[in-house]
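**Student:** Just passing along the structure, written as structure tokens.
The values are calculated or read from the model by the stated rules, or taken from the named source; none is laboratory data. Note that the coordinates shown come from a computational prediction; the quantities given were computed from them, not determined experimentally. Here the Cβ positions follow ideal geometry from the backbone for every residue, glycine too, while neighbour counts run over all protein chains shown.
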Amino acid sequence: MKRKVFFVSILAASILLALTGWGCKESVSVQDAAPNQNQQAETPEQAFTNFKLALASGDINAALQEVHPAGREKIAGYLDEMQKLDTLKAFVDSLDRMESIRVGESIAEYDIMEEGNDWPLTMTFMKVNGIWKIRDF
């Protein structure tokens, strides 16, 4: 019986901890640095930074490595279309900072603020096996 009560207490504490991060607003600036293709994202911010830096260097395939397989085809379509319209560089250059909407243990949503645009781009991230990936935008 003690084990069962202990397990239920741990489960309840885990749920509470996961929920306490939801709804907090935090603004994060995106750091410009050389992308490290071997570095796996330990945070949504790192996944986004890796994605942005790969796009800034013109490497769409490297950028797509930061995208969860479930969203890769859709996002690849967006990026290919922007490249065809010659707007990809302007899009990447406009991405300014991230503001958290909801952050949990395995899913997060951020507003990506774009220079010159009053409406943010909302990006969803998923954590699988300890690695954060972009799920959708």
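**Student:** All but one of (1) exposed (fewer than 12 other Cβ atoms within 10 Å of the Cβ); (2) in a helix (DSSP H, G or I); (3) at pLDDT below 90 hold for ALA18; which doesn't?
**Tutor:** All conditions are met except number (1).
**Student:** When you scan the stretch 117-135, do you find a residue that is in a loop (DSSP other than H, G, I, E, B), surrounded by fewer than 16 Cβ atoms within 10 Å (Cβ to Cβ) and touching a helix residue (DSSP H, G or I) at 6+ places or on another chain (Cβ under 9 Å), even just one?
**Tutor:** Within the stretch 117-135, one or more residues are in a loop (DSSP other than H, G, I, E, B), surrounded by fewer than 16 Cβ atoms within 10 Å (Cβ to Cβ) and touching a helix residue (DSSP H, G or I) at 6+ places or on another chain (Cβ under 9 Å).
Here's the yes/no breakdown for (1) part of a helix (DSSP H, G or I); (2) within 17 Å of the chain's Cα centre (by Cα); (3) farther than 24 Å from ASN129 by Cα; (4) without any contact (Cβ under 8 Å) to a residue 12 or more places away in the chain:
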{"site": "GLU42", "(1), (2), (3), (4)": "no, yes, no, no"}
{"site": "THR49", "(1), (2), (3), (4)": "yes, yes, no, no"}
{"site": "LEU55", "(1), (2), (3), (4)": "yes, yes, yes, no"}
{"site": "GLY71", "(1), (2), (3), (4)": "yes, yes, no, no"}
{"site": "GLY77", "(1), (2), (3), (4)": "yes, no, yes, yes"}
{"site": "MET82", "(1), (2), (3), (4)": "yes, no, yes, yes"}
{"site": "ASP86", "(1), (2), (3), (4)": "no, no, yes, yes"}
{"site": "VAL92", "(1), (2), (3), (4)": "yes, yes, yes, no"}
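**Student:** Sort through ARG102, ARG135 and tell me the only one that's touching a Gly at 6+ places or on another chain (Cβ under 8 Å), over 17 Å from ALA41 (Cβ atoms) and among the basic types (Lys, Arg).
**Tutor:** Among ARG102, ARG135, only ARG102 is touching a Gly at 6+ places or on another chain (Cβ under 8 Å), over 17 Å from ALA41 (Cβ atoms) and among the basic types (Lys, Arg).
**Student:** What residue, among those in the stretch 105-116 that are crowded, with 18+ Cβ neighbours inside 10 Å and at pLDDT below 95, is nearest to GLN40 (Cα to Cα)?
**Tutor:** ILE112
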